[in-house]
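Report on one structure; see the data block that follows.
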Amino acid sequence: MEYLQPPAGTLTTSMAALSAGVQPATIRDWVRRGILTRCGGTPKRPVYRIDDVQAARTAAKPNRPGQRAVNAA
């Protein structure tokens, strides 16, 4: 069950994805890669600070070996 209302100033994974304009899997990937950190919740239902999500959205993302390039055409 998702939070009906997460703590003030925080977002669930789904809400963070909507806020950043990405998929929820991207939010989980940012956490795994150390670009975004959880600020609470439970292991299955983490929450993130709004400011941290916005900072992660604009942060430089390190490339991984074998990662596909995005064509900005």
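Close amide H contacts of C39 (hydrogens built in the peptide plane, cut-off under 5 Å, sequence separation of 5 or more or a different chain): V47, Y48, R49. Other residues whose C-beta falls under 13 angstrom from the C-beta of A56 contribute a net charge of +4, scoring Lys and Arg +1 and Asp and Glu -1. With bins 5 Å wide beginning at 0, the percent of Cα pairs of the range 2-67 falling in each bin runs 4, 18, 32, 25, 12, 6, 2, 1.
A Cβ-based charge dipole, computed about the Cα centre of the range 1-50 with Lys and Arg at +1 and Asp and Glu at -1, lands at about 180 debye.
Peptide packing for 56-63, 19-26, 43-50 was compared via the average number of neighbouring C-beta atoms within 10 Å per residue; ordered from the highest value, the list is 43-50, 19-26, 56-63.
A short reminder: the numbers here are calculations on the coordinates, not readings from a lab. These figures come from a predicted structure and were not determined experimentally. Glycine gets a Cβ as well: all are built from the backbone with ideal geometry, and neighbour counts include every protein chain shown.
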